[in-house]
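> Structure in structure tokens, see below.
The values are calculated or read from the model by the stated rules, or taken from the named source; none is laboratory data. Model, not experiment: these values are computed from the prediction. Cβ placement follows ideal geometry from the backbone for every residue including glycine, while neighbour counts extend to all protein chains displayed.
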Amino acid sequence: MKKFKLFTQTLIYGLSCGFCVNAVAQTAGAGTNTNGSSTSAITTAVPFLTISPDSRSGAMGDAGAAISPDVNATYWNPAKLAYLENSSNMAVSYDPWLRNIVPDVYLAYLSFAGKLDERGSIGASLRYFNMGSIELYDIHQNPLGVFKPNEFSLDVSYARKFGDNFSLGLTGRYIHSDLTNGSVVEGQQTKAANDFAADVSLYIKNPTRQFGKDALFAFGVDISNIGPKLSYTANGQQFFLPTNLKIGVANTWFLDESNEVTLALDINKLLVPTPPVRDANGNVISGKDDNRSVVSGIFGSFSDAPGGLGEEFKEISFSPAFEYTYNKQFSLRSGYFYENPDKGNRQYFTLGAGIKYSEFKFDFSYLIAAQDQSPLANTLRFTLHYNFGSK
């Protein structure tokens, strides 16, 4: 069990948006958000929603918006569910998380998808984030007890084809975050936070010929976590959900009947306000006021950075990826994830493989951090799939 010291304004803010680790218990990793980014990232509530849950995309630098559909499209791009090859699919993933900081934190992900008819498909998923056993202290070092904070989300998705090469997807999400066990912090009674959100997505594919080979070009867009702000107290500060725009492209070459190669690229941009620069009295001197509505925050997120267009580009992360598949049974994957040092500083290479036997498929991935003492270094992910009624 690790001792967590909270150096933020409130206990809730610190737990929901980042870990600050007691120097006695852990010397590396202070100032790390729960999704592995540094505290230079734009602050949102429930950042566990941005952790890649499955091993396939986890091995491809967190690229997943446009790669070939599988059951975990419920997270990456629900519109892809309309093109599943099998009538029913399920998968379970397990991700030991931030093990360089805390030994008992993990993310578990259970997903299901099935076809309703030739055009429509549904999906459902449960994401559970366990923060381990934590001994909490307030900012004055007074003990607040021991408990096991956790967060989870429950999703239901629907995807529908509009023609042979175009589909749309919609997801509804329930979010529960219990980080304080009802503790009283700075005179305020805390509570578990509950919220609802939605995702909208599209997927376009184009079968073609390239370099004398059959090929498939795909394009995907997913806007996730669109919903009201979240708070852990009745009248306390409210935090934006991690509303995110993901755009991806993928190109697959079918070299022969047994061999295929895919190159993919995803880009991500948080659709939440960038904090402005304020003077000693709290007046905005550069940028725009971030205390605004969700809709204003989404549309204003492209032009509110204090540093102008240059800073807006820094808020975009990139995920180039590669996948090789032999005989639809064995895959090798690699990728790279880049996030600007001023906007979270996650930079890592990823490797992984997948093997299929009968109705089962097993994937794993390994993360190689580009920075020394990264909290994400040596992260492993494991995913087991099962297909009902495979073709």
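> Can you find a residue in segment 180-195 that is in contact with a Phe, Trp or Tyr (Cβ under 8 Å, 6 or more places away or on another chain), outside any strand (DSSP E or B) and basic (K, R)?
Yes.
> Does F313 satisfy being out of contact with any Lys or Arg (no Cβ under 9 Å at 6 or more places or on another chain), free of Cβ contacts under 8 Å to residues at least 12 places away in the same chain and of a type in the set (F, W, Y)?
yes
> Quick one: in segment 102-111, which of the residues that are aliphatic (A, V, I, L, M) and closer than 18 Å to S52 by Cβ is surrounded by the most Cβ atoms within 10 Å (Cβ to Cβ)?
Applying the filter and picking the extreme gives L107.
> Name every residue in segment 181-226 that is touching an Asp or Glu at 6+ places or on another chain (Cβ under 6 Å) and modelled with pLDDT under 95, in order of residue number.
A192
> I would also like to ask the following. Of the numbered conditions (1) in a strand (DSSP E or B); (2) touching a residue at least 60 places away in the same chain (Cβ under 8 Å), L241 fails exactly one; give the number of that condition.
(1)
> Considering only segment 162-211, how many residues are more than 21 Å from the chain's Cα centre (by Cα) and either farther than 19 Å from G248 by Cα or free of Cβ contacts under 8 Å to residues at least 60 places away in the same chain (or both)?
Total meeting the criteria: 25.
> Here's another thing I want to ask about it. In segment 328-342, what residues are surrounded by 14 or more Cβ atoms within 10 Å (Cβ to Cβ) and either closer than 16 Å to D266 by Cβ or acidic (D, E) (or both)?
Result: R333, S334, G335, Y336, F337, Y338, E339, N340.
> Related question: If you check G64, G114, G58, G123, which single one turns out to be crowded, with 24+ Cβ neighbours inside 10 Å, within 27 Å of L202 (Cβ to Cβ) and over 17 Å from the mean Cα position of the chain (by Cα)?
G123
> Related question: Of all residues being among the hydrophobic types (A, V, I, L, M, F, W, C) and closer than 30 Å to D199 by Cβ in segment 135-171, which is surrounded by the fewest Cβ atoms within 10 Å (Cβ to Cβ)? Just the residue, please.
Filtering first and then ranking leaves F162.
> Consider segment 113-148. How many of its residues are under 23 Å from S177 (Cβ atoms), touching a Leu at 6+ places or on another chain (Cβ under 9 Å) and either of a type in the set (F, W, Y) or touching a residue at least 12 places away in the same chain (Cβ under 8 Å) (or both)?
19
> Moving to a separate point now. Anything in segment 112-138 that is modelled with pLDDT under 85 and either of a type in the set (S, T, Y) or in contact with a helix residue (DSSP H, G or I) (Cβ under 8 Å, 6 or more places away or on another chain) (or both)? List them, or say none.
Correct list: S133, L136, Y137, D138.
> Within segment 359-391, restricting attention to residues that are acidic (D, E) and not in a strand (DSSP E or B), which residue is farthest from T44 (Cα to Cα)?
E359
> With of a type outside the set (A, V, I, L, M, F, W, C), assigned to a loop (DSSP other than H, G, I, E, B) and buried (at least 17 other Cβ atoms within 10 Å of the Cβ) as the only criterion, which of T274, T252, T325 stands out?
Of the residues listed, the single one that is of a type outside the set (A, V, I, L, M, F, W, C), assigned to a loop (DSSP other than H, G, I, E, B) and buried (at least 17 other Cβ atoms within 10 Å of the Cβ) is T274.
> Of the residues that sit in segment 177-209 and are of a type in the set (S, T, N, Q) and surrounded by 13 or more Cβ atoms within 10 Å (Cβ to Cβ), which one is farthest from V156 (Cα to Cα)?
Q188
> Just a yes or no: is a residue in segment 83-99 within 27 Å of S317 (Cβ to Cβ), of a type in the set (S, T, N, Q) and surrounded by fewer than 21 Cβ atoms within 10 Å (Cβ to Cβ)?
No, segment 83-99 contains no residue that is within 27 Å of S317 (Cβ to Cβ), of a type in the set (S, T, N, Q) and surrounded by fewer than 21 Cβ atoms within 10 Å (Cβ to Cβ).
> Give the residues of segment 328-358 that are of a type in the set (G, A, S), touching a residue at least 60 places away in the same chain (Cβ under 8 Å) and not in a strand (DSSP E or B), sorted by residue number.
Result: G344, single match.
> Those residues that are outside any loop (DSSP other than H, G, I, E, B), out of contact with any strand residue (DSSP E or B) (no Cβ under 6 Å at 6 or more places or on another chain) and of a type in the set (A, V, I, L, M, F, W, C), I need them from segment 121-177; list them, please.
Selection gives F147 alone.
> Within segment 28-47, identify whether any single residue is closer than 27 Å to F364 by Cα, at pLDDT 85 or above and assigned to a helix (DSSP H, G or I), and answer yes or no.
Checking segment 28-47: at least one residue is closer than 27 Å to F364 by Cα, at pLDDT 85 or above and assigned to a helix (DSSP H, G or I).
> Here's something else I'd like to know. Go through segment 362-381 and give me each residue that's of a type outside the set (F, W, Y), touching a residue at least 40 places away in the same chain (Cβ under 8 Å) and surrounded by fewer than 22 Cβ atoms within 10 Å (Cβ to Cβ).
Scanning segment 362-381 gives Q373, A377, N378, L380.
> Is it true that some residue in segment 253-266 is closer than 19 Å to Q238 by Cα, touching a residue at least 40 places away in the same chain (Cβ under 8 Å) and within 23 Å of the chain's Cα centre (by Cα)?
no
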